[in-house]
Amino acid sequence: MKLYLTPAACSLADHIALCEAKIEVDTVKVDLTTRRTEDGGDFTRVNPKGYVPALAFDDGTVLTENAAILCWVADRAPDLAPRGEMGRIRLIEMLSFIASEIHKPFIRSFFPLDEKDKEAADRMIATRLAYLEAQWSGDYLFGDRYSVADGYLYVMLHWANLTKRALSPKLTAFFDRVHRRPAVQQALRREGLVQ
């Protein structure tokens, strides 16, 4: 199995989840500008969409999109998902929210059409992070139980830190707590983001 990733991109969330679940995977770095893999291959042959993440299975099946890959991991490692009758649905709900309401605005902020577009994206990010912060109680998004959604939010906060966005004390504490997890450190090392 291979995880196609770009260091510090959103694929870091999937890398963290696979490390948390102790699922062995080879990693293949992708240059998103050229759509070439580190060995010179054409990444669009793996994922015609041309962006990471992509999880390629040994049988040739390829799974793309953070929410899908993170759900796949959580199905194999149930401790990485909220419990209860609505647990899986709540996980999908949270992954969808992070993907559409935080991740996408970050992309608009990084690559805006103009300054107005950037300002609108930045406002949306701030509003959505404030909403999340107001909703949760406990150490993680689903209380005291870490989930694959926490790793995805961690990556979004990593982007916030890289772009010097101010985070509240609660979000900073969350980021620091997740950052210290051994699986997070493992993924960061494998991507060359820490020593």
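Each reported figure results from applying straightforward, stated rules to the coordinates on display, with no laboratory input. Quantities reported herein were computed from a predicted structural model and do not represent experimental measurements. Cβ sites come from the backbone with ideal geometry, for glycine too, and all protein chains shown count toward neighbours.
A few remarks follow.
- Kirkwood hydrodynamic radius of segment 122-195, Cα pairs, Å: 12.9
- Residue order, fewest to most beta carbons within 10 Å, for 110, 43, 175: 110, 175, 43
- For segment 40-122: relative contact order, % (alpha-carbon pairs under 8 angstrom, 6 or more apart): 15
- For segment 1-96, the Stokes-Einstein estimate of translational diffusion at 25 °C and a viscosity of 0.890 mPa s comes to 178 µm²/s, using the Kirkwood hydrodynamic radius over alpha-carbon pairs.
- Relative contact order, percent, the chain [alpha-carbon distance under 8 Å, six or more residues apart]: 24
- Once the Cα gyration tensor of the chain is diagonalised, semi-axes √(5λ) in Å: 25, 22, 15
- Here r is the Cβ-Cβ distance between residue 136 and residue 96 and R0 is 22 Å; the resulting FRET efficiency, rounded to 0.05, is 0.85.
- Likely footprinting exposure, 132, 153, fewest C-beta neighbours within 10 Å first: 132, 153
- Where labels lie 7 Å past Cα in the beta-carbon direction, separation of residue 33 and residue 189 in nm: 3.0
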